[in-house]
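Below is one structure; the comments refer to it alone.
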Amino acid sequence: MKLQQLRYIWEVARHDLNVSATAQALYTSQPGISKQIRMLEDELGVEIFARSGKHLTHITPAGEAILRIVRDILQETESVKRVAMEFQDETRGELSIATTHTQARYALPPVIRDFTEKFPDVSLHMHQGTPVQISQMAANGSVDFAIATEALELFSDLIMMPCYTWNRAIVVPRDHPLTREKPLTLEAIAEYPIVTYVFGFTGRSRLDEAFQSRNLEPRVVFTAADSDVLKTYVRLGMGVGIIAHMAVDPQDDPDLVALDASHLFEASTTRIGFRKGTYLRGFMYEFIQLFAPHLTRELVDRAMECHGHDELEQLFRGIELPVR
């Protein structure tokens, strides 16, 4: 059994059983990968992938069990590399992050700026996606950190630590009737068509829960994952925007008014996380603390020692999170 063979079966599974795409990603030949997988299966005495002719059709039950172990092996291999790199040069390396558009556009720029000034020899890679995509990228090792708000159940394989809380704004043109509603109510908002996030993005579930609690059915006429796209459609008059308050900038959006809605919706918490067992290099600790100053190296290390979600939540209970 060779480490290369384990990497091949992991990458084939990650590329939806497409051996050709795997070969391109690994800069090797398709026949070479197929041969090594067959050799590993022969050695183990089980099939990892079921086949129809020359095509892989699905992962076998034995393959599923093997791949779970292979994931951990490859993760530990990556940790060994990181330990070596840390001792070679603690200021040089790569850092990859998966997050949503709102975080990438509005929360992360000052963090990225300060980080790159402090670590100019660390290459940063940002990936944007849905919560499902973000969790998958972090779980399979494609990225180092996941930053997300919604669907935390998807991140059960990750250590997710709270960074800050935030709430929503009702975004309308300056002459909109809602600007004269005092106080602003959900009933008043529900009178208008609404443009907001796709379900599963950026605290959308909190929005739906608030309307349901008042037995209201909002007319959501347009959804998108991108806050800037939503503001564009507010400007076109399609409806009232409900987006993250941080996504409205008076300088960039002088034609829009952001009406505070923190009294209407429960606050959401944005978290940063990484795979259990990950070896964090020094600059990775630094990035976490730049994004969330209360997440000191000591606190992050304690989070890594927690067993299960409940223990992790207990660790952070009582810590006052900043509000954005």
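The values are calculated or read from the model by the stated rules, or taken from the named source; none is laboratory data. Predicted model only: the values in this text are computed from it and were never measured. Reconstructed Cβ throughout: ideal geometry from the backbone, glycine too, with neighbour counts over all protein chains shown. To get the accessible areas, we keep the full protein, side chains included, count just its heavy atoms, and leave off ligands, DNA and RNA. Shrake-Rupley method; radii C 1.70, N 1.55, O 1.52, S 1.80 Å.
Pairing each residue of the stretch 239-259 that is more than 20 Å from Val220 (Cβ to Cβ) with any residue that is of a type in the set (Lys, Arg), provided the two are 6+ apart or on different chains, yields C-beta distances under 6 Å for Met246/Arg324; Val257/Arg174. When Glu217 is tested against the conditions (1) closer than 30 Å to Lys276 by Cα; (2) open to solvent by 10 Å² or more (accessible area, probe 1.4 Å), the lone failure is (1). Taken over the stretch 103-136, the criterion of being hydrophobic (A, V, I, L, M, F, W, C) and either touching a residue at least 40 places away in the same chain (Cβ under 8 Å) or surrounded by fewer than 20 Cβ atoms within 10 Å (Cβ to Cβ) (or both) is satisfied by Ala104, Ala107, Leu108, Val111, Ile112, Phe115, Phe119, Val122, Leu124, Met126, Val132. Determine whether the stretch 246-256 contains at least one residue that is in contact with a Leu (Cβ under 9 Å, 6 or more places away or on another chain) and of a type in the set (D, E, K, R). The answer is no; no qualifying residue exists.
Within the stretch 63-95, the set of residues being modelled with pLDDT of 90 or more and in contact with a helix residue (DSSP H, G or I) (Cβ under 8 Å, 6 or more places away or on another chain) comprises Gly63, Ile66, Leu67, Leu95.
Applying a threshold of 7 Å to beta carbon distances and a minimum spacing of six or more residues, or different chains, the list of pairs starting in the stretch 39-55 at a residue that is on the phi < 0 side of the Ramachandran plot and ending at one that is of a type in the set (Ser, Thr, Tyr) and in a loop (DSSP other than H, G, I, E, B) reads Glu47/Thr60; Ile48/Thr60; Phe49/Thr60; Ala50/Thr60.
For Gln251, the test of being farther than 30 Å from Arg180 by Cβ, surrounded by fewer than 18 Cβ atoms within 10 Å (Cβ to Cβ), polar (S, T, N, Q) and at pLDDT below 95 is failed.
Counting only helices (runs of 4 or more DSSP H) wholly contained in the stretch 273-324, the ones carrying 1 or more residues that are crowded, with 18+ Cβ neighbours inside 10 Å and touching an Asp or Glu at 6+ places or on another chain (Cβ under 9 Å) occupy 282-291. Of the residues in the stretch 137-152, at least one is part of a loop (DSSP other than H, G, I, E, B), under 27 Å from Phe283 (Cβ atoms) and of a type in the set (D, E, K, R). Restricted to the stretch 137-187, and to residues that are among the charged types (D, E, K, R) and closer than 30 Å to Pro293 by Cα, which residue is most open to solvent (accessible area, probe 1.4 Å)? The qualifying residue most open to solvent (accessible area, probe 1.4 Å) is Glu153. Each residue in the stretch 1-29 was checked for being surrounded by 15 or more Cβ atoms within 10 Å (Cβ to Cβ) and in a helix (DSSP H, G or I), and 15 pass. For beta carbons closer than 6 Å, sequence separation of 6+ or different chains, a first residue in the stretch 266-290 that is closer than 26 Å to Ile73 by Cα and a second that is of a type in the set (Asp, Glu), the qualifying pairs are Arg281/Glu86; Gly282/Glu90. Of the listed requirements (1) touching a strand residue (DSSP E or B) at 6+ places or on another chain (Cβ under 8 Å); (2) at negative phi; (3) part of a loop (DSSP other than H, G, I, E, B), Pro183 misses just one: (1). Here is the figure for the stretch 106-136: residues that are over 14 Å from the mean Cα position of the chain (by Cα), in a helix (DSSP H, G or I) and over 16 Å from Leu290 (Cα atoms) total 0.
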